[in-house]
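Okay, structure first, notes after.
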């Protein structure tokens, strides 16, 4: 059976849809209505183009990925109908569960639009298959990447989406220690174990420009080193490096535009960020000559330094306000997807690299 990267991507995306649909997971209660009552409610009076678009677009990848996975692995006799039904059931379950959350409002229109988005994605995937695009991708994948490359491809595909969530440092992913400590403090508030936790360092100073430059450089270098583990030809590695640079700049600009407005799309590109991109580019081009095992080892070291620096950086009040806007404002539908990717991508890359070294070491 063919192993497709579409299945793990589909499962990850489904989990993030669940998170985004049920966030903030507080004040669950029975509000005295049947969870399916929204299906019989009057037509909503107030719609915005943004809400309609997000309800459709947000489920297009889910339907497309489920269909691609079914087509590539042959696990379903109905590679379009089954994913559409699956997406509809997921949407129906999410809307029903929202009836137990006072801060969320279930909607028949949302359910219909979500299902429509899944149908569009599923149909588009089938059309791509009929046009031969999936077969061409399979040939490109076989020519460019090593046979056991699914995990690396999934991580590289998720990296741009992870960059969309606002970061205190450009290309800064995995900054979780402050929120993890806050969650532990809240969870252990009435417990004798609270004194075991370290006292929060509220007096931490912001990263100096040289440290910020290093974080940006490592933020670009790490996905390149990850790519070197599954791409062996030197010329193709160089192409990968320049693609990573373009994606990093484009995703960071889009994140800034979503957070602060289009006029501030390039506000993040200050001198340390510019120097970091240049240093990261030069390092990636130089390390392209390394064998895959050396690239994996260097990526693990880079991840350790990168995460250590980022998790010592404080969150500025302005950055905290930006996160609050994402969590409570119109970007709440992006919140689960981008936040969890931004938090967990470096740790997922670390686990993948460790498993890659261990698996191929056992094979040798």
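The values are calculated or read from the model by the stated rules, or taken from the named source; none is laboratory data. Since the model is a prediction, treat every value here as computed from it, not as a measurement. Backbone-built Cβ (ideal geometry, glycine too); neighbour counts: all protein chains shown.
Tabulated results
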| quantity | calculated |
| --- | --- |
| Residue 97 being in the same structural domain as residue 10 (by TED's automatic domain parsing) and either in contact with a strand residue (DSSP E or B) (Cβ under 6 Å, 6 or more places away or on another chain) or over 19 Å from residue 40 (Cβ atoms) (or both) | no |
| Residue ID - surrounded by the most Cβ atoms within 10 Å (Cβ to Cβ), chosen from residues in the stretch 234-255 that are over 14 Å from residue 171 (Cβ atoms) and in contact (Cβ under 8 Å) with a residue 40 or more places away in the chain | 241 |
| Flag if residue 174 is part of a loop (DSSP other than H, G, I, E, B) and at pLDDT 80 or above | yes |
| Residue 124 touching a helix residue (DSSP H, G or I) at 6+ places or on another chain (Cβ under 7 Å), crowded, with 20+ Cβ neighbours inside 10 Å and more than 27 Å from residue 342 (Cα to Cα) | no |
| Search result, residues across the stretch 150-169 that are assigned by TED's automatic domain parsing to the domain that holds residue 355 and over 17 Å from residue 244 (Cβ atoms) | 165, 166, 168, 169 |
| Hits in the stretch 37-57 - residues which are out of contact with any helix residue (DSSP H, G or I) (no Cβ under 6 Å at 6 or more places or on another chain) and modelled with pLDDT of 75 or more | 37, 40, 57 |
| Among (1) in a loop (DSSP other than H, G, I, E, B); (2) farther than 30 Å from residue 238 by Cα; (3) in contact (Cβ under 8 Å) with a residue 24 or more places away in the chain - the single one residue 78 does not satisfy | (3) |
| Test: residue 308 is modelled with pLDDT of 85 or more, surrounded by 14 or more Cβ atoms within 10 Å (Cβ to Cβ) and in the same structural domain as residue 358 (by TED's automatic domain parsing) | no |
